[in-house]
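Reviewing the structure listed below.
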Amino acid sequence: MPSASQCVIGVDLGGTKTAAGIVDAAGRLHAAESRPTPAAAGAAAILATAVGLITALLAQARAAGLEPA
């Protein structure tokens, strides 16, 4: 069974916004961020947006004592 300090980062890639959040093993949302999806800029820009969100949330998770799985 996962410990309370374990978490995952979920990403929702949409046509107008990209959202991501940190969720722990109990299903609690610890942080969330979103940014506009740069759809017109192409796949590389969309991927960079998702990676930027994940990177920011990884730092937040670790600062809160959570360990992304």
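The values are calculated or read from the model by the stated rules, or taken from the named source; none is laboratory data. Since this is a predicted model, take the numbers as computed values, not measurements. Every residue, glycine as well, gets a Cβ built from its backbone with ideal geometry; the counts of neighbours run over all protein chains shown. Please note that ligands, DNA and RNA were not included when accessible areas were found on the heavy atoms of the full protein model with its side chains. Shrake-Rupley method; radii C 1.70, N 1.55, O 1.52, S 1.80 Å.
Sequentially through segment 41-53, phi angles give Karplus couplings (6.51, -1.76, 1.60; θ = phi - 60°) of 7, x, 4, 4, 5, 5, 4, 4, 5, 4, 5, x, 5 Hz, Gly and Pro residues having no value and appearing as x.
Surface composition of the chain: carbon and sulfur make up 63 percent of the accessible area, probe 1.4 Å. By the helix-only formula, in which each DSSP H run with n ≥ 4 contributes -39500 (n - 2.57) and the sum is divided by residues, the chain has a 222 nm mean residue ellipticity of -10500 deg cm²/dmol. To the nearest 10, the accessible area of ARG28 is 130 Å² with a 1.4 Å probe. Remark: relative contact order (segment 13-69) = 32 percent; criterion is Cα-Cα distance under 8 angstrom and separation of 6 or more residues. The residues of the chain present an accessible area of 60 Å² per residue when probed at 1.4 Å with all protein chains retained.
Sorted largest first by accessible area at a 1.4 angstrom probe radius, with every protein chain in place, the residues LEU13, LEU53 fall in the order LEU13, LEU53. Global dimensions of the chain from alpha-carbon coordinates: Rg and Dmax equal 12.9, 43 Å.
Since only VAL8, ALA69, ALA41 are under comparison, the one whose Cα sits farthest along the positive direction of the charge dipole of the chain, derived from C-beta charges on Lys, Arg, Asp and Glu, is ALA41.
Dipole check for the chain: with +1 at the C-beta of Lys and Arg, -1 at the C-beta of Asp and Glu, and the Cα centre as origin, the magnitude is about 100 Debye. Note: relative contact order over segment 1-44, using C-alpha pairs below 8 Å and six or more positions apart, is 33 percent.
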